[in-house]
Amino acid sequence: MSTESPSSSVGIAASGDNSRAPVGIFDSGLGGLSVLRAVRAQLPNEALIYVADSLYAPYGERDDDFIADRTLAIGEWLAKQGAKALVVACNTATAQSIALVREKLAIPLVGVEPGIKPAALQSKTRVAGVLATQVTLRSARFQALLERYASDCRFLCQPGHGLVQAVERCDVGSAELRELLRSYLEPMLDAGADTLVLGCTHYPFLDAAIRDIVGDRLMLIDTSVAIARQLERVLEQHGLRATPERTGTVPARFYSTDDGSHQQQLAATLLHIDATVDQVVIPSRRTAAPDSQAA
């Protein structure tokens, strides 16, 4: 797993107040909850603010300018809420926007990208499948990953059309979803793949459905734990890591640009977090007017 580390030019003064500030986690929708789950396990003393841009999900069907516009707007909003660091917990947003957002924000950023490197290291058959959004697969960042790590490993890249939408409506196991997954996974198995890269943070919530189809024939590469470890390194580097002040995990705050009902349901069902989700309006250049394509 390779995550986006902060620019060396970013300067954050270490102080007790900063260390107690929250970490912002942002995704186009609910997928970043898989990253939040890993961060809570790795860094239980950190206060977290999670924003789902569910009104405009999925990003994988948006144009590059729209993705960059929304990513920057939400990053700026989180910084105004006092976030000391930002995790862009969305492969699509990272692929298209991380460089721009890093230039604009004065806090450290951690991005995500598909686990091509660990898949190349672990595959025995030298054939690996990749499920990701179309935007991620076509991005220059993803293509650079393939060029760097896929010299002796064949990667079968499959756009996961419909999968983000399924998770967004809290469908992680319906017959229709399983049939869709089967259409993506069986050609990979037929081609000899023994490893599957989950190239979108929504997809770990489909782990059980995928396992029902492939059994133990595919090793699943989920990079959320590596993202949490990278965040830990970034916070340590900048003197921003929270110190224990109480027992147990610090509660997280949840926001959504939609009504938040699905986010609350998914958090309760899959993360066992009984969370209140507050609806928030985060305007941006591309969404100043009502969006006719809002999901």
Quiz item: Out of the residues in the range 127-181 that are within 26 Å of residue 52 (Cβ to Cβ) and acidic (Asp, Glu), which is modelled with the highest pLDDT?
Solution: 176
Quiz item: Limited to the range 229-277, what total is found for residues that are β-branched (Val, Ile, Thr) and crowded, with 16+ Cβ neighbours inside 10 Å?
Solution: 5
Exercise. Return a yes/no flag: does the range 106-113 have any residue that is assigned by TED's automatic domain parsing to the domain that holds residue 31 and surrounded by fewer than 21 Cβ atoms within 10 Å (Cβ to Cβ).
Key: yes
Quiz item: Which residues, taken from the range 29-81, are of a type in the set (Phe, Trp, Tyr) and either surrounded by fewer than 22 Cβ atoms within 10 Å (Cβ to Cβ) or without any contact (Cβ under 8 Å) to a residue 24 or more places away in the chain (or both)?
Solution: 66, 77
Exercise. State all residues of the range 48-79 that are out of contact with any helix residue (DSSP H, G or I) (no Cβ under 7 Å at 6 or more places or on another chain) and either within 25 Å of residue 270 (Cα to Cα) or among the small types (Gly, Ala, Ser) (or both); if no residue qualifies, say none.
Key: 55, 73, 74, 78, 79
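Given the condition on the phi > 0 side of the Ramachandran plot, in the same structural domain as residue 268 (by TED's automatic domain parsing) and not aromatic (Phe, Trp, Tyr), answer yes or no: does some residue in the range 121-138 qualify?
Among the residues of the range 121-138, not one is on the phi > 0 side of the Ramachandran plot, in the same structural domain as residue 268 (by TED's automatic domain parsing) and not aromatic (Phe, Trp, Tyr), which makes the answer no.
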Quiz item: Of (1) over 14 Å from the mean Cα position of the chain (by Cα); (2) modelled with pLDDT under 95; (3) closer than 14 Å to residue 254 by Cα, residue 14 satisfies all except one. Which?
Solution: (3)
Exercise. Check whether at least one residue in the range 91-99 is outside any helix (DSSP H, G or I) and of a type in the set (Gly, Ala, Ser), and report yes or no.
Key: no
Quiz item: Among the listed residues 226, 209, which satisfies the condition of being surrounded by 17 or more Cβ atoms within 10 Å (Cβ to Cβ) and modelled with pLDDT under 95?
Solution: 226
Quiz item: Of all residues in the range 100-110 being in a helix (DSSP H, G or I) and out of contact with any Gly (no Cβ under 8 Å at 6 or more places or on another chain), which is nearest to residue 227 (Cα to Cα)?
Solution: 102
Self-check item: Scan of the range 41-83 for residues that are of a type outside the set (A, V, I, L, M), assigned to a helix (DSSP H, G or I) and over 23 Å from residue 235 (Cα atoms), ordered by number
Solution: 54, 56, 59, 60, 61, 64, 65, 66, 69, 70
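The values are calculated or read from the model by the stated rules, or taken from the named source; none is laboratory data. It should be emphasised that the depicted structure is a prediction, and the values quoted were computed from it without experimental measurement. Methodologically, a virtual Cβ is constructed for each residue, glycine included, from the backbone with ideal geometry; neighbour enumeration extends over all protein chains shown.
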